[in-house]
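Only one structure is covered here, and it is reproduced in the block below.
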Amino acid sequence: MNSLEKQVDSLNKDMQTRFAEAKRYSDLQFHLKPSEEAWSLQQVLLHLCYVQDGVVTVLKKQVPKITELEKSGLKHFFSYIMLKLALRSDKKFKAPKLLGQPDNISSLESVEAAWKRSTDELFSIVRSFPQASNDRLVFKHPFVGWLSMNQTIGFVIDHFRHHQKQIEALYSWLDNNKNN
């Protein structure tokens, strides 16, 4: 298993843990929102699927033309560091419009199946990705611009961790409001 595969595998195991934890809540609780503007547990998990799906869609288009793509430079490195710092902060960000607002009607099973499909595709891409091309810019992040493959996988992982705090807060809120 190469380095990228190990990172995707670790992310997938973390997400599988979130799905297992979500199963302790009823369907009503899974869709319950702490406030009108907040997201439900279902919406957060679906958003994570949307982001990974978006990355997979772009990679499927970019990887076949990898040798034609620009190489990463210092500017891209600094942009990526800024992205990492932003995602590690407690600051809230608006999801890019191209992702859309996650619905609040999907079942846990359908969100989990969507994650599995997306992860299987991501595994397929990273397994066949030429390691010598790790410095090629393969994904355009909507806020910081182009990222290399390592940076792209790092973004997906950091994005998950950013939302993990939100998921844990939802667990706590749901556990304290069991009568809802």
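What to note about this one:
- Which numbered condition residue 90 misses (of (1) within 22 Å of residue 154 (Cα to Cα); (2) out of contact with any strand residue (DSSP E or B) (no Cβ under 7 Å at 6 or more places or on another chain); (3) assigned to a helix (DSSP H, G or I); (4) in contact (Cβ under 8 Å) with a residue 60 or more places away in the chain): (3)
- Within the range 35-53, the residues that satisfy the criterion of being without any contact (Cβ under 8 Å) to a residue 40 or more places away in the chain and either exposed (fewer than 11 other Cβ atoms within 10 Å of the Cβ) or within 18 Å of the chain's Cα centre (by Cα) (or both) are 35, 36, 37.
- Failed item in (1) out of contact with any Asp or Glu (no Cβ under 8 Å at 6 or more places or on another chain); (2) farther than 17 Å from residue 168 by Cβ; (3) among the polar types (S, T, N, Q), with residue 29 passing the rest: (2)
- Qualifying residue in the range 120-128 (condition: assigned to a helix (DSSP H, G or I), at pLDDT 95 or above, under 19 Å from residue 147 (Cβ atoms) and not hydrophobic (A, V, I, L, M, F, W, C)): yes
- Qualifying residue in the range 114-127 (condition: more than 15 Å from residue 22 (Cα to Cα), surrounded by 11 or more Cβ atoms within 10 Å (Cβ to Cβ), among the basic types (Lys, Arg) and in contact with a strand residue (DSSP E or B) (Cβ under 7 Å, 6 or more places away or on another chain)): no
- Pairs, first over 28 Å from residue 125 (Cα atoms) and in contact (Cβ under 8 Å) with a residue 24 or more places away in the chain in the range 7-34, second among the polar types (S, T, N, Q) and in a helix (DSSP H, G or I), C-beta under 8 Å, six or more apart: 30/42; 31/42; 33/43
For every residue, the table says whether it meets (1) in contact with a helix residue (DSSP H, G or I) (Cβ under 7 Å, 6 or more places away or on another chain); (2) closer than 22 Å to residue 165 by Cα.
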residue	(1), (2)
79	no, no
91	no, yes
101	no, yes
104	yes, yes
112	yes, yes
115	yes, yes
121	yes, no
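- Subset of the range 1-24 (residues that are more than 13 Å from residue 111 (Cβ to Cβ) and not in a helix (DSSP H, G or I)): 1, 2, 24
- Condition broken by residue 137, with the remaining ones in (1) in contact with a Phe, Trp or Tyr (Cβ under 6 Å, 6 or more places away or on another chain); (2) in a helix (DSSP H, G or I) satisfied: (2)
- Against the numbered list (1) in a helix (DSSP H, G or I); (2) more than 20 Å from residue 156 (Cβ to Cβ); (3) among the small types (Gly, Ala, Ser), residue 38 comes up short only at (1).
- For the range 158-178, the criterion of being buried (at least 17 other Cβ atoms within 10 Å of the Cβ), in contact with a Leu (Cβ under 9 Å, 6 or more places away or on another chain), in contact (Cβ under 8 Å) with a residue 24 or more places away in the chain and part of a strand (DSSP E or B) is met by none of the residues.
- Candidates are the residues of the range 73-95 that are hydroxyl-bearing (Ser, Thr, Tyr) and within 23 Å of residue 134 (Cα to Cα); the one that is surrounded by the most Cβ atoms within 10 Å (Cβ to Cβ) is 80.
The values are calculated or read from the model by the stated rules, or taken from the named source; none is laboratory data. On a predicted model such as this, the values are computed, not experimentally measured, just so you know. Methodologically, a virtual Cβ is constructed for each residue, glycine included, from the backbone with ideal geometry; neighbour enumeration extends over all protein chains shown.
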